[in-house]
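A short write-up of the structure that comes next.
The values are calculated or read from the model by the stated rules, or taken from the named source; none is laboratory data. Note that this is a predicted model, so its numbers are computed, not measured. Here the Cβ positions follow ideal geometry from the backbone for every residue, glycine too, while neighbour counts run over all protein chains shown.
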Amino acid sequence: MNEDNTIEVVDLTKKFGDLVAVDHLNLTVKKGEIFGFLGPNGAGKSTTIRMLCGILAPTSGGGSVGGYDVVKEPEGIKKVIGYMSQQFGLYSDLTIEENIDFYSRLYLTDRKEARNMREEVIRLVELERYRHFQAAHLSGGWKQRLALACSIVHKPSILFLDEPTAGIDPVSRRTLWDILYDLASKEITLFVTTHYMEEAERCNHIGFIWKGKLVAYGTPTAIRKDLMENEIMTIRCRPLQAAFGLLKQHPQILDVNIYGDELHLVVEKADPLIHALSEYLQGKGITVDKIEKIEPSIEDVFVAMSREDK
Ligand SMILES: Nc1ncnc2c1ncn2[C@@H]1O[C@H](COP(=O)(O)OP(=O)(O)O)[C@@H](O)[C@H]1O
Ligand SMILES: [Mg+2]
C-alpha cells in the first residue's frame, strides 16, 4: 500500500442476489483530503461506505482503510474511522449535550477525556448555546451537526459521511461544509457522499458512481476539462418554457436543461451557433437577453454522462 493513501479500493464488488450494487470499484483517497463520492439514488454509494467501514463483507475484491484490510481486519478499521450514516442514531428524548455525552462515553473509557472531547466537539459544531435543547426539537441542519459531533468524539482519522447534507436548507449545508473544511484542515480524511452536484466543486477529488460502476474520477477541474466531449451554451430568454420546447426539437442541440432562469444547451461547437440560435429564437417571438458559451459545471458533465446510459 502507498503510505499517502488512507483509502485504497481494489475491484470492490457487492452483489445482492442478481443485483450488482457495487461493481469492481477502484479508487484511492489520500490522507487529509476531501473525497466526494457522487451518484444518483441507488448507485451504490452507501453499500460502498458500509464495506469500507467494515460493516458489510464484500462479495469480491477489497481494499484497505487506514492501513487495515477491509476483508480481514474490519475490527481494526472501526478504531480509526468515524461513520455518520444516512440515518444516524440520535436519541430524540436526550438533549444535544446528553447525546454527545452518550457517544463520548461509549467510545472513550477515560471519563475526563470523554468530557473534554464532548466540550471540544460541541464547540466545533457551534452548538454550545443550544446544548440543553432536546434532539427531537432540532431542525434538520442542527440534527446533522449533532450527528457529526457524535461521530467524531473518538477523534477518528478518517470520517465517512453518508449524505450529510441531504434534505437540509442551503444555509445549513454551507455551515456543515465549513465544519467539514475545518476537520480536513486538522488532517482528518473525509469521504463524503452527496447527490448535490455543486458540492462536488468543494472536494479535492471526486468519484461518480453510476449503477455500481465508477464512471469518473479526478479533481473537479480535470473532470470538467477531460470528460466533456461537447460544449455548453447558456441562454437567458423569455418565455423560458417556450424556448425550452423549441430548442429540444432543434437538430443541432444535443440536450437542453433548465438551470434556474437560464437554459444550458449541450452542443458540439458553441461558437458558430450563438448568432444562429439567437436569430432562430427571435424569429419565433422569443426575447433573448443573453446567449453565450460557458465552461461546463460538474453538473453539466454528470448530466451528460447519465444521459449516455452507461
Ligand atoms: N441489503 C440490501 N439488500 C438488497 N439490495 C440492497 C441492499 N442494500 C442496497 N441494496 C440495493 O443496492 C443498490 C445500491 O444501493 P445503495 O448503496 O443504498 O445506493 P445509494 O446509497 O447510492 O443510494 C440499490 O439498488 C439498492 O436497492
Ligand atoms: Mg445511500
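Which one is farthest from ligand 1 (Cβ to nearest atom) among residues in region 51-67 that are assigned to a loop (DSSP other than H, G, I, E, B) and not polar (S, T, N, Q)?
Residues of region 51-67 assigned to a loop (DSSP other than H, G, I, E, B): 53-59, 66-67.
Subsequent filtering for residues that are not polar (S, T, N, Q) retains 53-58, 66-67.
On the way: Cys53: 13, Gly54: 16, Ile55: 11, Leu56: 8, Ala57: 12, Pro58: 13, Gly66: 22, Gly67: 25 Å.
Within region 51-67, the match that is farthest from ligand 1 (Cβ to nearest atom) is Gly67.
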Looking at Asp93, Asp69, which is the one that is more than 16 Å from ligand 2 (Cβ to nearest atom), farther than 19 Å from Asn5 by Cα and not aromatic (Phe, Trp, Tyr)?
-> Asp93
Take the residues in region 215-266 that are without any contact (Cβ under 8 Å) to a residue 40 or more places away in the chain and small (Gly, Ala, Ser), then tell me which one is surrounded by the most Cβ atoms within 10 Å (Cβ to Cβ).
-> Gly218
Residue list for region 10-28, filter: of a type in the set (Gly, Ala, Ser) and away from ligand 2 (no atom under 13 Å from the Cβ) = Gly17
From (1) within 15 Å of ligand 1 (Cβ to nearest atom); (2) part of a strand (DSSP E or B), pick out the condition that doesn't hold for Thr48.
-> (2)
Of all the residues that make up region 29-45, how many are within 16 Å of ligand 2 (Cβ to nearest atom) and surrounded by fewer than 19 Cβ atoms within 10 Å (Cβ to Cβ)?
-> 3
Would you call Ile100 over 20 Å from Glu187 (Cβ atoms), of a type in the set (A, V, I, L, M), surrounded by 20 or more Cβ atoms within 10 Å (Cβ to Cβ) and modelled with pLDDT of 95 or more?
-> yes
Region 46-62 - residue that is over 18 Å from the mean Cα position of the chain (by Cα) and within 16 Å of ligand 2 (Cβ to nearest atom) and, of those, modelled with the lowest pLDDT = Ile55
With respect to the numbered conditions (1) over 30 Å from Asp11 (Cβ atoms); (2) outside any strand (DSSP E or B); (3) within 24 Å of the chain's Cα centre (by Cα), which one is the sole condition not fulfilled by Ile258?
-> (2)
Looking at region 32-41, is at least one residue away from ligand 1 (no atom under 15 Å from the Cβ), in the same structural domain as Lys143 (by TED's automatic domain parsing) and of a type in the set (Asp, Glu)?
-> yes
Residues (of a type outside the set (A, V, I, L, M, F, W, C), within 17 Å of the chain's Cα centre (by Cα) and either away from ligand 2 (no atom under 16 Å from the Cβ) or over 26 Å from Leu52 (Cβ atoms) (or both)) located in region 118-173 | Gly141, Arg145, Asp169, Pro170, Ser172, Arg173
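Only one of these is within 16 Å of the chain's Cα centre (by Cα), surrounded by 19 or more Cβ atoms within 10 Å (Cβ to Cβ), more than 15 Å from Phe35 (Cα to Cα) and touching a residue at least 12 places away in the same chain (Cβ under 8 Å): Gly207, Gly212. Name it. Before the answer, list the steps.
Values: Gly207 fails: more than 15 Å from Phe35 (Cα to Cα).
Step by step, each of Gly207, Gly212 is checked, and only Gly212 is within 16 Å of the chain's Cα centre (by Cα), surrounded by 19 or more Cβ atoms within 10 Å (Cβ to Cβ), more than 15 Å from Phe35 (Cα to Cα) and touching a residue at least 12 places away in the same chain (Cβ under 8 Å).
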Which numbered condition Thr59 fails, given (1) of a type in the set (S, T, N, Q); (2) surrounded by fewer than 16 Cβ atoms within 10 Å (Cβ to Cβ); (3) farther than 23 Å from Gly17 by Cα | (3)
